[in-house]
Every structure is written in structure tokens, then in C-alpha cells.
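**Student:** Below: one structure in C-alpha cells.
What follows draws every value from the coordinates through simple rules; no lab data is involved. Computed from a predicted structure; not experimentally measured. Note that we place each Cβ from the backbone using ideal geometry, even for glycine, and neighbour counts take in every protein chain shown.
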Amino acid sequence: MSLPAFFADLAARLQSAEFLQIARHSEHPRAFTRNRKLPLPSLVALLLTGMRMSVQAELDVFFAHLRQQAQLVRHVSEQAFAQARAKLSLSALPQLNDWVIERAEHYGFIPRWLGLRLVAADASTMRFGLRASHVKRAALADQIAFGLFLPGAELMLAASLHSVHERGERQMLFEHLHRLSSTDLLLLDRGYPCRWLVAVLNQLQLPFCMRVDSSGFACVRKFLRSGLLEQIVTLGAPNCRDARDYECPREPQTVRLVRHVAPNGNVRVLMTTLFDSVRFPASCFGDLYHQRWRIEEAFDGLP
């Protein structure tokens, strides 16, 4: 592992001709070619800081750090930042994030859990501050942020914004499943379990672990009453409409249920397709599910 080498690679990437081509907005094909006060690498580096204060305050602090000064530096105005930001392609930062994930894998910064890469999925309602402007806005103050998060590496694999009027978190997850592979382990909370999603994940051969103790599955209620530590059960097939909409098999699905008792005495039921009880003993699932909380903390840390 080498953080200096990783950041050296990132600096080289931001200054590369390849990234310049990706970063330019299609309406500004010659953007970032002149020697401006806010060149492309500085613009992107500033955006990656998170920008928790006002834009002008962030600019002043950022350039003070660049000059290694304790005193704030008024080098770029908020208006100049807005003009430069408008010339940045909408796909520039997502593609840069994909590159960061690839390099983090290369340097061994993304850990594995029993050979699998953990990916937590969740969504959170966010309220944006929209200032008065003469520009017609399409965005609403309240939106839903959905993310696939890599616990341990503390990196977002993918993220998207959605209207609060969209169909829900399951649909958002479905639209991101192409980012996952059979070497990933998807961690999900209680809002996700349903028959069609289990069928889709099994069809794509995507391992998962999801909490289901408050679900509507009859087999889960029976398992809770049984007192068993674990059990292999069969879920009913998805209904005709869901099978058609999500192109999944209308067949019963076999899953493994695991009971976990939290330190406070609360009982959780976790559903998984990790059937190998030797490689994945029931005792390991409590700590595994706890890894999902890292995405909750990641959302809480957003500016």
C-alpha cells in the first residue's frame, strides 16, 4: 500500500490530456486550454474537498492551502468558479471516481471479507439549499441520494440523485446492479427484501446479505418462532407483473436465514445466499451486517 504513489497517480491523471478530453462539457470544446486562475486540476481538486462552507470561503481556504499560508487568499472569485464549473462535463467526476476505484484496487486499499468485496447499498433524503437566482431551476430542494459504498475503503462505488417522487430504493438499486459482480457481497437493510429482488440477484449470481426480520415473508416469521440459529427456506415466486417488469424468473427462490442476537438483546434475521456454513458460519453474520452502517455514516458526513 502506498498513499504517496496513489496521490501521485491522481495528480498525473488530473493533468493528463485524456482527462481533459473527458472533463470538457460538449458545449465548451476548448474549455480549460488557456492558463486561467482556476485550471482544471485545481477546479476538480476543489470539488473533491466536499465544500462544506460558502463557495467563496472554500475558494479562499483552498488557495491558502496551495500556497501553504495560514492567512486566507482571495485568488478566485465565486463568479469565476461558477463559470469554470459550468464548463465541466457532467460525466467527468463519475468517470474520475471509477478511475479512483480502479487505482485503489491496484494499490490494495479495498479489503475483502472472506474473499468477497463488501458493497453496502442505501439511500437518504437530502435537502439542498437553493439560492435565489434568475436561472430557471429544474432541481427541487428535496431529493434522494442513492449510493453503493465500499466499507473499509470508505469509497463510493457509484451514486445518483433521484426525485422524491420516483418509485423507491429497490428500483434505484436495480438500476445500479450492473456495477456489481459475483465477487461482490451486497449488504442491504430492511427496506429492500422482496421476492422479485431476490430472484433478480440470484439470476445475476450476485451474493447478498439483507436484514429481513420485519419483512412480510411467512417463512421468516416461522423461523423467528422456531428458535433455530439458521435454516434453509424457500421463498414464493415473484408475481407475474414483477417477473415481467424486472425480467426475472417466476420461480421459488432458495435462501439461508441466520439469526443474530445483538448485544442489546434485539434479534435480527439475515437472509443470504452464502450457503456454505463452513466458509460462512452463522456466527460471522452479525459483524458482517454491522459493516453496512458505514454507508449511513457516509451519508451523515455529506456537506
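**Student:** Distance in nm between label sites at Asp98 and Gln79, each 7 Å beyond Cα in the beta-carbon direction?
**Tutor:** Each label point lies 7 Å from its Cα, and together they span 3.7 nm.
**Student:** Using the alpha carbon gyration tensor of the chain, what are the three equivalent-ellipsoid semi-axes (square root of 5 times each eigenvalue), largest first, in whole Å?
**Tutor:** The three semi-axes for the chain are 43, 21, 18 Å.
**Student:** Then there is this: How high is the relative contact order of the range 3-101, given as a whole-number percent (alpha carbon pairs under 8 Å, six or more residues apart)?
**Tutor:** Relative contact order here is 34 percent.
**Student:** From the P(r) of the range 3-101, could you give the percentage of C-alpha pairs in the tail past 22 Å?
**Tutor:** 31 percent
**Student:** Quick check for you: which residues of the range 170-201 have the amide N under 20 Å from the point 7 Å beyond the Cα of Leu155 toward its beta carbon?
**Tutor:** Under 20 Å, as judged by backbone N against the label point of Leu155, lie 176-187 of the range 170-201.
**Student:** Compare Gly236, Gly108, Gly265 in a GNM of the chain, Cα atoms joined below 10 Å, and give the one with the largest fluctuation.
**Tutor:** Highest fluctuation among the options: Gly265.
**Student:** Which residues in the range 74-118 have a backbone N closer than 13 Å to a point placed 7 Å from the Cα of Lys37 along the Cα-to-Cβ line?
**Tutor:** Label zone hits: 74-84.
**Student:** Which whole-number percent is the relative contact order of the range 110-300 (Cα, under 8 Å, 6+ apart)?
**Tutor:** The value is 19 percent.
**Student:** When the chain is treated as a GNM, springs tying every alpha-carbon pair under 10 Å, which of Ala158, Ala121, Ala57 comes out with the largest mean-square fluctuation?
**Tutor:** Sorting by GNM fluctuation, first place goes to Ala57.
**Student:** Take the Cβ-Cβ distance between Leu48 and Arg112 as r, set R0 to 35 Å, and report the resulting FRET efficiency rounded to the nearest 0.05.
**Tutor:** So the FRET efficiency works out to roughly 0.85.
**Student:** Need one number: nm distance between label points at Arg225 and Glu251, each 7 Å from Cα along Cα→Cβ, rounded to one decimal.
**Tutor:** Going by the 7 Å Cα→Cβ label model, 3.0 nm.
**Student:** Right, next: Please list, in chain and number order, the residues 5+ apart from Trp113 or on another chain whose amide H is under 5 Å from its amide H, with Hs placed from the backbone.
**Tutor:** Those lying under 5 Å, H to H, from Trp113 are Leu118.
**Student:** At a Förster distance of 35 Å, what's the computed FRET efficiency of Ala12 paired with Arg127, Cβ-Cβ distance as r, to 0.05?
**Tutor:** So, using R0 = 35 Å, E works out to roughly 0.40.
**Student:** Further question on the same structure: In the neighborhood of Gly265, defined by Cβ-to-Cβ distances under 15 Å, what is the net charge if each Lys or Arg adds +1 and each Asp or Glu adds -1?
**Tutor:** My count for the surroundings of Gly265 gives +1.
**Student:** Under a Cβ-Cβ cut-off of 10 Å, what is the net charge of the residues other than Leu40 that fall near it, where Lys and Arg count +1 and Asp and Glu count -1?
**Tutor:** Local net charge: +3.
**Student:** Suppose every Lys and Arg Cβ carries +1 and every Asp and Glu Cβ carries -1, with no other charges. What dipole size does the range 1-129 come out with about its Cα centre, to the nearest 20 debye?
**Tutor:** 360 debye
**Student:** Projecting each Cα onto the charge dipole of the range 150-303 (Lys/Arg +1, Asp/Glu -1 at the beta carbon, about the Cα centre), which of Asn264, Gly227, Gly168 comes out farthest on the positive side?
**Tutor:** Gly227
**Student:** Also: So how do Tyr246, Tyr192 line up by other beta-carbon neighbours within 10 Å, fewest first?
**Tutor:** In increasing order of surrounding Cβ atoms, one gets Tyr246, Tyr192.
**Student:** Separate question: In the chain, if the dipole is taken from +1 on Lys/Arg beta carbons and -1 on Asp/Glu beta carbons about the Cα centre, which of Phe32, Phe208, Gln15 is farthest to the positive end?
**Tutor:** Looking along the dipole axis, the top candidate is Phe32.
**Student:** Can you tell me the FRET efficiency between Ala5 and Ile232 if r is taken as the Cβ-Cβ distance and R0 is 45 Å, rounded to the nearest 0.05?
**Tutor:** Using R0 = 45 Å, I get an efficiency of 0.45.
**Student:** Compute the signed sum of charges (Lys and Arg +1, Asp and Glu -1) over the other residues within less than 13 Å, Cβ to Cβ, of Glu58.
**Tutor:** +1
**Student:** Also, I was wondering about something else. Let me spell out the model: positive unit charges on the Cβ of Lys and Arg, negative unit charges on the Cβ of Asp and Glu, origin at the Cα centre of the chain. What dipole size does that give, in debye rounded to 20?
**Tutor:** 480 debye
**Student:** For the range 237-254, just list the computed ³J(HN,Hα) in residue order, Karplus coefficients 6.51, -1.76 and 1.60, θ = phi - 60°, integers in Hz, with x standing in for Gly and Pro.
**Tutor:** Couplings: 5, x, 6, 4, 5, 5, 4, 6, 5, 9, 6, 10, x, 8, 9, x, 10, 8 Hz.
**Student:** Can you give the relative contact order of the range 214-303 as a percent, counting alpha carbon pairs under 8 Å and 6+ residues apart?
**Tutor:** 21 percent
**Student:** What residues qualify as long-range amide H neighbours of Ala237, i.e. H under 5 Å apart, gap of 5 or more or another chain, H built at 1.01 Å from N?
**Tutor:** none
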